[in-house]
Amino acid sequence: MSQKQYAAFAANIKSWDALRQKKTNFVPGVLQVEKVILLSKADFDKLSEDISPDYPFLQNNRNLLSADPGGVFRCLMVRAEGQAEHLLISQRRNTLYLGYGKDYRKVDLKSVPVERLVLEDPKVYQERAVFHHRPRCMEDTMAEHLGISAPERQTGFRVEQVVVLTDEQYRQFQECGLVEDQIFLFEYNDKMWFDPGDLCWHCVLVKGETSRDGVLVEAEGYSYARYAAFAPDCSRLRLRDAPVHYEYPAKAPEQVKARKRNEPER
């Protein structure tokens, strides 16, 4: 049985230099390398400047990663061709844990797969939004997109639940439904709150079956949109961990149903 290896990881650090200079708090853990990612020197330098969780190679290997501070860190080892120093990347939900390694040759990498790849740019996500108090309709949530409101009013948010309506239901919700009681908002009241410490809105995304845009809602214990923000492009929202509910008569896409039927039992 191989001997345990240990490493120190820091949460949500953004650059290689900050990691090497130990400009943040680190937590120890057992190191378990799941895959080695080899980059060109130029690509490694580019990654080092801003280590974003949205890089495609991290999204594609997300199922290999898990972080348990003080426990086991299942991670990727990322290094440049011919370079001994390396980056260790683990992830827990949307939190990246990064570790610095001085010499990859001192790490037990027996049977660990190696993948050489060209770095693709990360996807740009909508990170902030302007939440309006008691908006009457969709237009009331779109002021900032018309250049009316100031950027400093924007705050962070996290989608905890997605509710999909039929396109007609969504049109009605946009026009007058924000001020009306909605059963689906009542049912997901526990998914909506404001965290004053992080200045973050935990909210429900309401959208149509084919709509590109959506409405971010924080009902504050009510069953109507007490606070709401406009999301112009739902594909730019972080929705990977958010459960999806199709409000009748809205239906899940056929490919989603087929995949669920064919999934092996766990």
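The values are calculated or read from the model by the stated rules, or taken from the named source; none is laboratory data. Since the model is a prediction, treat every value here as computed from it, not as a measurement. Cβ placement follows ideal geometry from the backbone for every residue including glycine, while neighbour counts extend to all protein chains displayed.
Checked against (1) more than 24 Å from residue 236 (Cα to Cα); (2) out of contact with any strand residue (DSSP E or B) (no Cβ under 7 Å at 6 or more places or on another chain), residue 59 passes all but condition (1).
A single entry from 171, 212, 226 fulfils the requirement of being closer than 23 Å to residue 123 by Cα and in contact (Cβ under 8 Å) with a residue 12 or more places away in the chain: 212.
Listed here are the residues, each with its yes/no results for (1) crowded, with 21+ Cβ neighbours inside 10 Å; (2) among the basic types (Lys, Arg); (3) on the phi < 0 side of the Ramachandran plot; (4) in contact with a strand residue (DSSP E or B) (Cβ under 8 Å, 6 or more places away or on another chain).
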{"residue": "199", "(1), (2), (3), (4)": "no, no, no, yes"}
{"residue": "203", "(1), (2), (3), (4)": "yes, no, yes, yes"}
{"residue": "218", "(1), (2), (3), (4)": "yes, no, yes, yes"}
{"residue": "221", "(1), (2), (3), (4)": "no, no, no, no"}
{"residue": "246", "(1), (2), (3), (4)": "no, no, yes, yes"}
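Can you confirm whether residue 59 is assigned by TED's automatic domain parsing to the domain that holds residue 31 and modelled with pLDDT of 90 or more? Taking the combined requirement at face value, the residue does not satisfy it. Within the stretch 114-129, being part of a loop (DSSP other than H, G, I, E, B) and within 19 Å of the chain's Cα centre (by Cα) holds for 120, 121, 122, 123, 124, 125, 126, 127. Only a single item in (1) of a type in the set (A, V, I, L, M, F, W, C); (2) out of contact with any Ser or Thr (no Cβ under 9 Å at 6 or more places or on another chain); (3) over 30 Å from residue 80 (Cβ atoms); (4) touching a residue at least 60 places away in the same chain (Cβ under 8 Å) is not met by residue 109, and it is number (3). Mind checking whether some residue in the stretch 28-40 is modelled with pLDDT under 95, closer than 14 Å to residue 90 by Cα and within 21 Å of the chain's Cα centre (by Cα)? So far as the stretch 28-40 goes, no, none of its residues is modelled with pLDDT under 95, closer than 14 Å to residue 90 by Cα and within 21 Å of the chain's Cα centre (by Cα).
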